[in-house]
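K.L.:
Handing you a structure now.
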Amino acid sequence: MKMTRIIYVLLLYLLTACNASVQSAVTSIKPTETLLPLITKTMTPVFTRGVTPTEDIRETLETVEAVENPIIPMISSPIEGKAISDLVDMISNPFYPPVEGSDDPHQGVDFSDVDNLSRIALTGKGVQVMIGGQVVSVMSNRFPYGNAILIVSTEDYLPENWINNILSSKKPIPWDINTALTCPEGWNFPPEKQDQLGVYTLYAHLLDAPNYEIGDFITPGDKIGAIGMSGNALAPHLHVETRYGYIADLTGSMAHYDVSASLEEMLNYCRWRVSGWFRLIDPMEILSTN
Ligand SMILES: [Zn+2]
């Protein structure tokens, strides 16, 4: 009888212990549950602007994303219906980096949708985002980029081998060269914060002004507009220009070479094109990574 009582007490103790461990397991699952909605494609990630997600959150996001969305690539073709491997045939003006501080040569890549029979470049083909990120500038018929959108991608949005590429590239620093451009005071000032680098991608000469706002999050493959010839374009094409610089170093519209350009637009343009704080990357180099 005494033995039965001891066994009973022991069993009771074990049951209580199990309950306790189950309780703590449930508590530790909670953060994952709250993070799950962040990675579904239809929802906007809720990273606070300018704040980097902590290492732990990033790891959880990547793990969950790998299970839920195994087929979403980190890099997408910028032209709707065209594979990345087909893009070489669409280049109408290749990347031709300028002398440091100069606004000449071709600082991006032009893609044209040429009709097979007439050999005429067409408007209207869908333009989609290459790398996910956050909108920092939307331009509505401003010269020279026309209707355009600028998106910045932090490390979280870049393939791992690309992050290594960025780290091994030349760090953004001022070129300190007398540019031929007229630039408002402050165009070459150092960025206020120099703690995080990112890749900036500009899509220009679109048919219409992109229906996005500064701060919007965008996923690779999202449609941002259609090929047009707004701004400084002699024929319909998409101009893609990629640079890397510090996060939050440029916000708002850019314009130059036009009397309607505001001082702020000119300052942004000078900073982007000739200051040295935004180092050029060949867009085809990014597209060949995956
Ligand atoms: Zn171009």
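Values in this text are rule-based calculations from the coordinates and carry no lab data. Just so it is clear, the model here is predicted, and its values are computed rather than measured. Note that we place each Cβ from the backbone using ideal geometry, even for glycine, and neighbour counts take in every protein chain shown.
K.L.:
Step through the residues of region 132-143 one at a time and calculate ³J(HN,Hα) from phi using the Karplus curve (6.51 cos²θ - 1.76 cosθ + 1.60, θ = phi - 60°), rounding each to whole Hz and writing x for Gly and Pro.
P.N.:
My calculation for region 132-143 gives x, x, 10, 5, 10, 7, 10, 10, 10, 6, 9, 8 Hz in order.
K.L.:
If you filter region 199-272 for chymotrypsin sites (Phe, Trp or Tyr not before Pro), then keep DSSP loop positions with at most 13 other Cβ within 10 Å, what is left?
P.N.:
Here the chymotrypsin sites (Phe, Trp or Tyr not before Pro) that fit, given the DSSP loop and packing criteria, are 257.
K.L.:
What shape does region 195-290 take by its C-alpha gyration tensor, where a ≥ b ≥ c are the square roots of the eigenvalues and a/c under 1.5 counts as rounded, a/b above b/c as prolate, and the rest as oblate?
P.N.:
rounded
K.L.:
In addition: Out of region 212-290, which GluC sites (Glu not before Pro) are coil in DSSP terms and have no more than 16 other C-beta atoms within 10 Å?
P.N.:
Those satisfying the criteria are 213.
K.L.:
Along region 85-102, what does the Karplus equation 6.51 cos²θ - 1.76 cosθ + 1.60 (θ = phi - 60°) give for ³J(HN,Hα), rounded to whole Hz, x for Gly and Pro?
P.N.:
My calculation for region 85-102 gives 5, 8, 5, 4, 6, 9, 6, 9, 8, x, 5, 9, x, x, 5, 3, x, 8 Hz in order.
K.L.:
Also, I was wondering about something else. Just add up the charged neighbours of residue 195: K/R +1, D/E -1, any other residue whose Cβ is under 14 Å from the Cβ of residue 195.
P.N.:
Residues close to residue 195 contribute a combined charge of -1.
K.L.:
Something else: For a bin width of 5 Å, list the pair-distance distribution of region 84-287 built from all Cα-Cα distances, rounded to whole %.
P.N.:
1, 8, 16, 21, 22, 17, 10, 4, 1, 0, 0
K.L.:
Another question, if that's okay. By the scheme Lys and Arg +1, Asp and Glu -1, what is the net charge of all other residues having a beta-carbon under 13 Å from that of residue 130?
P.N.:
Around residue 130, the charge tally is -3.
K.L.:
What is the sum of charges, Lys and Arg at +1 and Asp and Glu at -1, for the other residues whose Cβ falls under 12 Å from the Cβ of residue 228?
P.N.:
Once positives and negatives cancel, what remains is -1.
K.L.:
Just to confirm the filter: which GluC sites (Glu not before Pro) across region 86-189 are DSSP coil and have at most 14 other Cβ within 10 angstrom of their Cβ?
P.N.:
Sparse-neighbourhood loop GluC sites (Glu not before Pro): 100, 185.
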